[in-house]
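Undergrad: Starting off with a structure, shown below.
Bear in mind these aren't lab numbers, they're just calculated from the coordinates by the rules spelled out. Everything numeric in this text was worked out from a predicted model, so none of it was measured. Using ideal geometry, Cβ is built from the backbone for each residue, glycine included, and neighbour counts are taken over all protein chains shown.
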Amino acid sequence: MSKILIVEDEAAIRRVLNKIISEESKSYEVFEAVDGVEGIELIKENDYDLVLCDIKMPKMDGVDVLQYSKKIKPELPFLMISGHGDLETAVNTMRLGAFDYISKPPDLNRLLNAVRNALDNKELIVENKRLKKKVSENFEMVGESAAINQIKEMIEKVAPTEARVLITGANGTGKELVAHWLHEKSERSKGPLIEVNCAAIPSELIESELFGHKKGSFTGASKDRIGKFEAANGGTIFLDEIGDMSLSAQAKVLRALQEGKIQRVGDAKDIKVDVRVIAATNKDLDKEIKEKKFREDLYHRLAVILIHVPSLNNRREDIPVLINFFAKKIAKEQGTSIKFFSKKATKLLQEYDWTGNIRELRNVVERLIILGEEEVSEQDVKLFASK
């Protein structure tokens, strides 16, 4: 049920608006306020999905109602109701955050379309925020060590720029977390973040995956297909394990970076793309360059900013924090109460050799939560950590 508030001092117009909206859908519940002061009080006390607000009213005009409401409930959409002489003011309210305006007397179709669009837009904003929060929770950077704090500071400086970033580090250290936060804190955060695991795609398909292809360009190409670069237009593309990319694909990526253009496989037409490239690798690219397995010119294009993510063995002071974080996360996922780890259990885990890094620690914590006692003990670690 969508709750809609009408703030209008003319009783006849309130009745007309209420009747039109109420009869449009049973899912609309309509409320009324006789002036701006009452409107503000109702907005403060209730959660509405939409407000229709007159501009010229006694006590408090619609512009003041809009501005005050946007401070306390910024996501609440407003449709401003304007008389003939208020059109300029109505247009100005759009700059102040109003979704749209309706002229008096209200046109039936115009009014209902505006109401539907405003409600749909609010749902979209709420859903996007929910998804963004979910993404942020899934890719939270956990740790208080000097190394992690340095990475966080680097992200704060680099993210708002258009600089390309190369993230290095062993498998399981959290390179993808850095990539996600670079995107989240960038000017492109409203655009897509497209991830490509270069190691997981066969060499003969990597170019099609990145740049798309034309129908009939190779066996199995049954229709035109856009690539990841096109899909990331206006946002960010994250090329994970770029050290595993073929030399042929590397040459095309280099051209995309140099010219901002790509070509689909089997097509000679240039397609402009506007993407920020973030890459990651667990390989020693200097060594790969010497062995002619990686293009030096591409390396210099990618590595404008270098961020190295240390292994877990080099940030052992973060292990207690990570254990607590994973324990809470796993309890939430499984719908169970949080299990705590004794000091001796935590200390023993700090001493292990974490060759699989964060990913391995997460798996071990989950195993101990499932198999261990109510408080995970040192003995549980010795029995079930399998180190």
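Undergrad: Where does each of TYR299, TYR101 land when they are ranked from fewest to most other beta-carbon atoms within 10 angstrom?
TA: Fewest-to-most ranking of TYR299, TYR101: TYR299, TYR101.
Undergrad: Nearest 0.05, what FRET efficiency do LYS344 and ASN149 give at R0 = 25 Å with Cβ-Cβ as r?
TA: 0.35
Undergrad: Rounded to whole Hz and in sequence order, give me ³J(HN,Hα) for segment 289-306 from the Karplus expression 6.51 cos²θ - 1.76 cosθ + 1.60, θ = phi - 60°, writing x for Gly and Pro.
TA: Those phi angles translate into 5, 4, 8, 6, 9, 9, 6, 5, 5, 5, 4, 5, 6, 7, 8, 5, 10, 9 Hz.
Undergrad: Stretched out fully, how many nm does the piece from ARG367 to GLU156 gain, at 0.36 nm a residue minus the Cα gap?
TA: Additional length available on full extension: 72.5 nm.
Undergrad: Considering the zone a paramagnetic label at GLU378 would reach in this model (a point 7 Å from Cα along the Cα-to-Cβ line), which residues of segment 330-357 have amide N under 16 Å from it?
TA: Under 16 Å, as judged by backbone N against the label point of GLU378, lie 341-352 of segment 330-357.
Undergrad: If you don't mind, there's one more thing I want to ask. Hey, can you grab everything whose amide H is under 5 Å from the amide H of LEU52? Only 5+ residues off in sequence or another chain; H modelled, so Pro and N-termini drop out.
TA: The list, which skips near neighbours in sequence, is LEU5, ILE6, VAL7, LEU79.
Undergrad: By count of other Cβ within 10 Å, fewest leading, how are ILE21, ILE226 ordered? Could the numbers behind the result be given before it?
TA: Values: ILE21 20, ILE226 13.
By the 10 Å Cβ count, ascending: ILE226, ILE21.
Undergrad: What FRET efficiency do you get for ASP224 and GLU45 if R0 is 45 Å and r is their Cβ-Cβ distance, rounded to the nearest 0.05?
TA: The calculated FRET efficiency here is 0.25.
Undergrad: Taking amide H atoms as placed 1.01 Å from N in the peptide plane, list the residues 5 or more away in sequence, or in a different chain, whose amide H sits under 5 Å from that of THR236.
TA: Amide H to amide H, under 5 Å and 5 or more residues apart or across chains, THR236 pairs with LEU193, ILE194, ARG276.
Undergrad: Against the 2.2 N^0.38 Å scaling, with N counting residues, where does segment 2-135 land? I'd like the Cα-based Rg ratio to two decimal places. Walk me through the numbers before you get to the answer.
TA: On the way: Rg = 14.1 Å, N = 134, 2.2 N^0.38 = 14.1 Å.
Normalised Cα radius of gyration, segment 2-135: 1.00.
Undergrad: Please report Rg (one decimal) and Dmax (integer) in Å for the Cα set of segment 207-269.
TA: Cα radius of gyration and Dmax of segment 207-269 are 11.6, 31 Å respectively.
Undergrad: Now for a separate question. Sort ILE369, ILE167, ILE13 so that the residue with the fewest other Cβ atoms within 10 Å of its own Cβ comes first and the one with the most comes last.
TA: In order of increasing Cβ crowding within 10 Å: ILE13, ILE369, ILE167.
Undergrad: For ARG359 and LYS287, FRET efficiency with R0 = 22 Å and r from the beta-carbon atoms, rounded to 0.05?
TA: Computed FRET efficiency for LYS287 and ARG359: 0.35.
Undergrad: Specify which labelled value, from (i) 26.1, 81; (ii) 27.9, 82; (iii) 20.1, 68, agrees with Rg and Dmax of the Cα atoms in Å derived from the coordinates of the model shown.
TA: (ii)
Undergrad: Continuing with this model, one more query. Pairs of alpha-carbon atoms within less than 8 angstrom and 6+ residues apart define the contacts here; what relative contact order does the chain have, in percent?
TA: Worked out over the chain, it gives 13 percent.
Undergrad: For segment 370-387, list residues with backbone N below 18 Å from a point placed 7 Å from the Cα of GLU351 toward its Cβ?
TA: 376-387
Undergrad: Holding the Cα-Cα limit at 22 Å, pick out from LYS3/LYS70; LYS214/LYS269; LYS157/LYS287 the pairs that are longer than that.
TA: Too far apart for the 22 Å limit: LYS157/LYS287.
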